[in-house]
Amino acid sequence: MQIVKKRATLKTQVYDYLKESIIMGGLKPGERLIEEKISEELQVSRSPIREAIRMLEKDGLLLVNSSGGVTVVEPSIQDFQHLYECRVEMEPLAAFYAAERRTQEQIELIRINLLQIGKILETNDIKKVHDANVNFHETIISASANPFLVSMISHLRGVNSFYRKSIIEENPLHIEHAMHDHQQIFQAIVHQEPEKARQLMKAHIESDYIQFMKLSSKSRED
């Protein structure tokens, strides 16, 4: 039985639990969430569950229909295509400005993320690899110091979580290639080379998308 400790930020604990369940497959795409069941499982009241659901709806991971029913989103191939069209423009822009505006503290955070990814790859822990990869990208986005850009990219998190996980699960070796990309992007940001950082991030996202489409095509054929 999963038990949430009753301390501050209950809604955040419930949010983290549900988000992990959705991304890692405990809650399947299209599956309906039942508040009563979650309440019993986590031993919390329905109030923090409802707050967490609102947060996950905003993230794009849950759908709440007009009657109040809640289901896990089912991203389509077209959803992933639209995601790519946004990411390939916005994240390279974030990398450009990160190279111009990053602080020393942010440089250290990115460095730590890279070290963590390297260590986690040896454990073959899909969740930890996914989380470390997210942290790497989000630290760069934050380092752009452009609140409008940060806000727009944050709306892509939901579908992007499914997208990243599918690549990691289907081809763990691709993460090693991504690590090489990450190192190059990091060096461009360290040396404050905005245009190089932009180009490297764009190539990285394009490579991810090509890999994803190959996996999706193979899956449909099977």
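Computed on the range 64-133, the Cα convex hull volume stands at 165 Å³ per residue.
The mean sequence distance of close C-alpha pairs (under 8 Å, at least 6 residues apart), as a share of the length of the chain, puts its relative contact order at 23 percent. Under a 5 Å amide H cut-off, with hydrogens placed 1.01 Å from N, residue 33 pairs with 70, 71, 72 among residues at least 5 apart or on other chains. Overall, the accessible surface of the range 77-221 at a probe of 1.4 angstrom is composed of carbon and sulfur to the extent of 52 percent.
Considering only 30, 118, 69, the mean-square fluctuation computed in a Gaussian network model of the chain, springs between alpha carbons under 10 angstrom, is largest for 69.
Roughly how many debye, to the nearest 20, is the charge dipole of the range 77-221 about its Cα centre, given +1 on each Lys and Arg Cβ, -1 on each Asp and Glu Cβ, and no other charges?
Dipole of the range 77-221, to the nearest 20 debye: 100 debye.
Mind running the shape call on the range 10-72? Use the C-alpha gyration tensor, a ≥ b ≥ c as the square roots of the eigenvalues: rounded below 1.5 for a/c, prolate if a/b tops b/c, oblate otherwise. The shape class here is rounded. Relative to the longest principal axis of the Cα atoms of the chain, the long axis of helix 104-121 lies at roughly 70 degrees. For the chain, the mean residue ellipticity at 222 nm estimated from helices alone is -25000 deg cm²/dmol, where every DSSP H run of n ≥ 4 contributes -39500 (n - 2.57) and the total is divided by all residues, rounded to the nearest 500. Against the chain, whose longest principal axis comes from its Cα atoms, helix 126-143 is set at around 60 degrees.
How would 76, 45 rank on accessible area, largest to smallest, probe 1.4 Å?
Putting 76, 45 in descending order of accessible area: 45, 76.
Using the structure shown, select from 127/196; 58/128; 11/127 the pairs with a Cα to Cα distance greater than 26 angstrom. Flagged as over cut-off: 127/196. Accessible surface computed residue by residue for the chain, with neighbouring protein chains in place and a 1.4 Å probe, gives 54 Å² per residue.
Rounded to the nearest Hz, the phi-derived 3J(HN,Hα) couplings of the range 151-160 under the Karplus curve 6.51 cos²θ - 1.76 cosθ + 1.60 (θ = phi - 60°) are 5, 5, 5, 4, 6, 8, 4, x, 5, 5, where x marks glycine and proline. Across 150, 72, the residue with the most accessible area heads the list, and the full order at a 1.4 Å probe is 150, 72.
In order along the range 62-70, the phi-based Karplus estimate (6.51 cos²θ - 1.76 cosθ + 1.60, θ = phi - 60°) of 3J(HN,Hα) comes to 10, 10, 10, 7, 4, 8, x, x, 10 Hz; Gly and Pro are listed as x.
Annotation note: GluC sites (Glu not before Pro) in the range 12-81 located in DSSP loop regions with a Cβ neighbour count of at most 15 within 10 Å are 31.
In terms of its C-alpha gyration tensor, the range 82-192 comes out oblate, because a/c is 1.5 or above while a/b does not outweigh b/c.
Starting from the residue with the highest accessible area, list 105, 85 in decreasing order, probe 1.4 Å.
So the residues, ranked largest to smallest area, are 105, 85.
The values are calculated or read from the model by the stated rules, or taken from the named source; none is laboratory data. For clarity, every value in this text was computed on a predicted model and none was experimentally measured. With ideal geometry, Cβ positions are generated from the backbone for all residues, glycine too; neighbour counts draw on all protein chains shown. Keep in mind that these areas ignore ligands, DNA and RNA; they rest on the heavy atoms of the full protein, side chains included. Shrake-Rupley method; radii C 1.70, N 1.55, O 1.52, S 1.80 Å.
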